[in-house]
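To keep things clear, I will list the structure first and then write my remarks on it.
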Amino acid sequence: MVGLLDSFEVKGLTFLNRLVLPPMQTGLATSDGAVTDKLVDYYTQRAKAVGLVIVEHSYVRLDGKSSEKQLGIYDDQLIGGLEQLVSSVHATGTPIIIQINHAGNKTSKETTGLQPVAPSSTENARKLQGEELARLTEAFTSAADRAMKAGFDGVEVHGAHGFLLNQFYSPLTNKRTDRYGGSLENRSRFPLDVVERVRDKISGRLLFYRLGVVDLDPAGTQLEDSTAFSMKLKQATLDIVDVSGGMCGSRPAQLQSTPGFFVPQAQHLKEVVDIPVIGVGGIRDLRYANSLIEEGAVDLIAVGRPLMRDPDWASTALETLKVG
């Protein structure tokens, strides 16, 4: 029986165990998005006992920056610092990938100095024109190329938590009437274009997608939508779907009473689409996490807040699990 302590192999890369440090914004970058020594230390300290590190969302273009001191991957001048981060984590023996993102209308002119953009016009953002989408796709692929130059083992494209790709995907925020709006196929078009272009840029290294699987709104994204979309992701040779919330965010209040609140959706995608998945959602007990792996519900488990608070949490918890 496979459990949390067992290794996981994908594309010739071995994760020591099934525990993942998920992408959580630290606010430890510079105001220009550059890596700092504190940020390197943060990830290196937490990498020692996990199977995989996913670095926090990094903005691919200046107008996609969501907050002050967010990590950036929008300029070649940032590669050196990212390379330092990768080397430090690799020295622990742990693989590391980076999440690339554009905030869409989840930012402000005060943050970026630029007018926010979105699939459809909003109070604070202008609607993206069709010809602009090619340049946005290029921003994602250029970011992926920088990740490869820095030595990352792969990238995760961020399509959850109400950011730009999620805004295109969700009917709550995409009110377009062109080929990028309306039907599920059309709403999925831009996110899939980004995934396919990024895939072609990373030369066979790991490709993840952070999927906003449901919006928790009757008018929003439903599980059947994300099942069909995941089929398309699989056809695009995606390696792993990282299952989280859509417009409802990563920690919806109505679900927080039960740990593993996005695990049922992840299990559904694993079973129906037959694609490896990461389970997430308020998981703090490694015995519970181990049972999810043993039952075959998910392939990997992301535990965020405990690891953010305590860099030694994983070491202590895994040792406790080993001794039963």
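The values are calculated or read from the model by the stated rules, or taken from the named source; none is laboratory data. From a predicted model like this one, the values you see are computed outputs, not experimental measurements. As a convention, Cβ positions derive from the backbone with ideal geometry for all residues, glycine included, and neighbour counts pool all protein chains shown.
Condition test on GLU156, is it farther than 13 Å from ARG61 by Cβ, surrounded by fewer than 16 Cβ atoms within 10 Å (Cβ to Cβ) and either under 20 Å from the mean Cα position of the chain (by Cα) or free of Cβ contacts under 8 Å to residues at least 12 places away in the same chain (or both)?
Details: farther than 13 Å from ARG61 by Cβ: yes; surrounded by fewer than 16 Cβ atoms within 10 Å (Cβ to Cβ): no; either under 20 Å from the mean Cα position of the chain (by Cα) or free of Cβ contacts under 8 Å to residues at least 12 places away in the same chain (or both): yes.
No.
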Item to complete: Can you work out which of the residues in region 241-282 that are farther than 27 Å from ALA103 by Cβ and modelled with pLDDT under 95 is surrounded by the most Cβ atoms within 10 Å (Cβ to Cβ)?
Response: GLY260
Worksheet item: Which of the residues that make up region 300-316 are crowded, with 16+ Cβ neighbours inside 10 Å and either touching a helix residue (DSSP H, G or I) at 6+ places or on another chain (Cβ under 6 Å) or assigned to a helix (DSSP H, G or I) (or both)?
Response: ILE301, LEU307, MET308, PRO311, TRP313, ALA314
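Within region 88-98, can you find the residues that are within 17 Å of GLU56 (Cα to Cα), not in a helix (DSSP H, G or I) and not hydroxyl-bearing (Ser, Thr, Tyr)?
Residues of region 88-98 within 17 Å of GLU56 (Cα to Cα): 88-90, 94-98.
Now narrow it down to the ones that are not in a helix (DSSP H, G or I): 94-98.
Those that are within 17 Å of GLU56 (Cα to Cα), not in a helix (DSSP H, G or I) and not hydroxyl-bearing (Ser, Thr, Tyr): PRO95, ILE96, ILE97, ILE98.
Within region 102-110, does at least one residue satisfy the condition of being without any contact (Cβ under 8 Å) to a residue 40 or more places away in the chain, among the acidic types (Asp, Glu) and over 30 Å from SER7 (Cα atoms)?
Narrowing region 102-110 to residues without any contact (Cβ under 8 Å) to a residue 40 or more places away in the chain: 108-110.
Add one more test, that the residue is among the acidic types (Asp, Glu), and what stays is 110.
Still in the running and over 30 Å from SER7 (Cα atoms): 110.
There is at least one residue in region 102-110 that is without any contact (Cβ under 8 Å) to a residue 40 or more places away in the chain, among the acidic types (Asp, Glu) and over 30 Å from SER7 (Cα atoms).
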Item to complete: Could you run through region 243-299 and say how many residues are touching a Lys or Arg at 6+ places or on another chain (Cβ under 9 Å), polar (S, T, N, Q) and either assigned to a helix (DSSP H, G or I) or over 30 Å from GLY104 (Cα atoms) (or both)?
Response: 1
Worksheet item: Would region 15-29 turn up any residue that is over 18 Å from GLY304 (Cα atoms) and touching a Leu at 6+ places or on another chain (Cβ under 6 Å)?
Response: yes
Worksheet item: Looking at region 217-242, which of its residues are assigned to a loop (DSSP other than H, G, I, E, B) and in contact with a helix residue (DSSP H, G or I) (Cβ under 7 Å, 6 or more places away or on another chain)?
Response: THR221, ALA236, THR237, LEU238
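Got a sec? Which of TYR180, TYR169 is more than 17 Å from the chain's Cα centre (by Cα) and aromatic (Phe, Trp, Tyr)?
Working: TYR169 fails: more than 17 Å from the chain's Cα centre (by Cα).
Result of the check over TYR180, TYR169: TYR180.
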